Ligand SMILES: CC(C)(COP(=O)(O)OP(=O)(O)OC[C@H]1O[C@@H](n2cnc3c(N)ncnc32)[C@H](O)[C@@H]1OP(=O)(O)O)[C@@H](O)C(=O)NCCC(=O)NCCS
């Protein structure tokens, strides 16, 4: 059994099966079209690949590989992202899942990656056996204090801005440029970020937008609040009358943006915010208007990291402690 970079035909075979898990409400036709288009985007050409485990019985398992660069305190690390790890039905529970992870780790170590990350859709124990560690804390839930928010909006001198949704961002190229400029400014300051270019942003936005446009089921809408003057932005998703989830915060001067976010909550009557454990600064800002905050534990849906470099072993998305390197984000959206 060998691990090989997949040919188009092999990718098609896997997609045909994985559609029922990762179809996200798309029709099969749209699921194929989505994947085809994704592979043909500029960023994907050098950074996004599909690997399969091939045998005499054909393709038995596969995964997607993203190549990313992470800037930690000015030092660049090569990171591999694994996605859509899949074993063909009828061949499961025979060790193939563990085998493909083992082969992936060996292959990536030989290619001099410094670490491997993945977002586990299943219980994380499957990956801890291979040395992966959970790096995000549990979900952080904030119930906002409605009265305090209304008071704040009444008394503030700032004019809250309207959130821009992902379709508007994609329609007008100027936004992608602005987002990248802000991101890059913060990146240059060495704040532990994934190295992103405009192509990468387009790749990510395309992924999020496709389901929104073509899925039969309702997916949350991604929104952006951008403060050009203060080189900051907030990306969040929201679903009507439900919670709002903060996906990414970039920049340091967030006061104006938070007022705009609260304004959005007020307009939509949403008073619960969800996010992975925030940075201490964001926690402090959010804390001012919260009624109640708590951690929601879950077994699945974890960012996991396998360190192939001694410095990465101290990486955490959680609290900053003496021995750990706190990172701000790991590409949440
Ligand atoms: C998860 C998956 C890749 C495992 O493949 P497999 O060939 O059955 O795995 P193996 O035979 O090597 O190992 C079986 C192990 O997987 C575990 N496993 C299978 N499904 C699991 C799940 N949903 N949650 C947690 N563990 C799971 C089994 O409990 C077993 O555990 P053990 O190693 O402690 O005995 C396969 O079930 C699959 O393709 N599932 C659908 C796609 C998916 O959910 N992928 C994971 C994305 S993060």
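Some notes on this structure:
- Whole-number Å³ per residue for the convex hull built on Cα positions in segment 184-233: 95 Å³
- Residue among 155, 165, 223 with the largest mean-square fluctuation in a Gaussian network model of the chain, springs linking Cα atoms under 10 Å: 155
- Fluctuation leader among 49, 69, 281 - the chain, Gaussian network, Cα springs under 10 angstrom: 281
- Calculation over all alpha carbon pairs of segment 201-290 in 10 angstrom steps from 0 returns a P(r) of 15, 48, 31, 6 percent.
- Segment 69-119 versus segment 199-254: alpha-carbon centroid distance in Å: 26 Å
- Mean-square fluctuations from a GNM of the chain, with a 10 angstrom spring cutoff on Cα atoms, peak among 37, 73, 229 at 229.
- DSSP beta bridges fully contained in the chain are about 90 percent antiparallel.
- Folded to 0 to 90 degrees: helix 146-155 orientation relative to the chain principal axis, Cα: 60 degrees
- Proportion of all alpha-carbon pairs of segment 139-296 beyond 20 Å (%): 51 percent
- In terms of surrounding Cβ atoms within a 10 Å radius of their Cβ, 259, 272, 217 rank from fewest to most as 217, 272, 259.
- Dmax and Rg, reported as Rg then Dmax, of segment 1-149 (C-alpha, Å): 17.8, 66
- Angle in degrees between helix 8-22 and the longest Cα principal axis of the chain, rounded to the nearest 10: 50 degrees
- Zone residues, segment 214-240, relative to residue 300, backbone N less than 15 Å from point 7 Å out along Cα-to-Cβ: none
- Applying 1/(1 + (r/R0)^6) with r as the Cβ-Cβ distance of residue 143 and residue 56 and R0 = 41 angstrom yields a FRET efficiency of 0.15.
- Here the extension length gained between residue 121 and residue 274 equals 53.3 nm, from 0.36 nm per residue of separation less the Cα-Cα distance.
- Between residue 133 and residue 12, the distance separating the two model label sites (each 7 Å from Cα on the Cα→Cβ line) works out to 4.4 nm.
- Distance between modelled label sites at residue 181 and residue 21, nm, 7 Å Cα→Cβ extension: 4.2 nm
- The length gained on full extension between residue 94 and residue 40, counted as 0.36 nm times the residue separation minus their Cα-Cα distance, comes to 16.0 nm.
- The slack in the chain from residue 267 to residue 73, taken as 0.36 nm per residue of separation less the alpha-carbon distance, amounts to 65.9 nm.
- Normalised by 2.2 N^0.38 Å, where N is the number of residues, the alpha-carbon radius of gyration of the chain equals 1.03.
- Each label was represented as a point 7 Å from its Cα along the Cα-to-Cβ direction; for residue 314 and residue 111 these points are 2.8 nm apart.
- Nearest-ten-degree value, helix 255-268 long axis tilted from longest Cα axis of the chain: 80 degrees
- For 1, 304, order by how many other beta-carbon atoms lie within 10 Å, fewest first: 1, 304
- With contacts taken as Cα pairs under 8 Å and at least 6 residues apart, segment 139-296 reaches a relative contact order of 38 percent.
- Relative contact order (percent, whole number), the chain, Cα cutoff 8 Å, 6+ residue spacing: 23 percent
Each reported figure results from applying straightforward, stated rules to the coordinates on display, with no laboratory input. Keep in mind the model is a prediction, meaning the values are calculated, not measured. Reconstructed Cβ throughout: ideal geometry from the backbone, glycine too, with neighbour counts over all protein chains shown.
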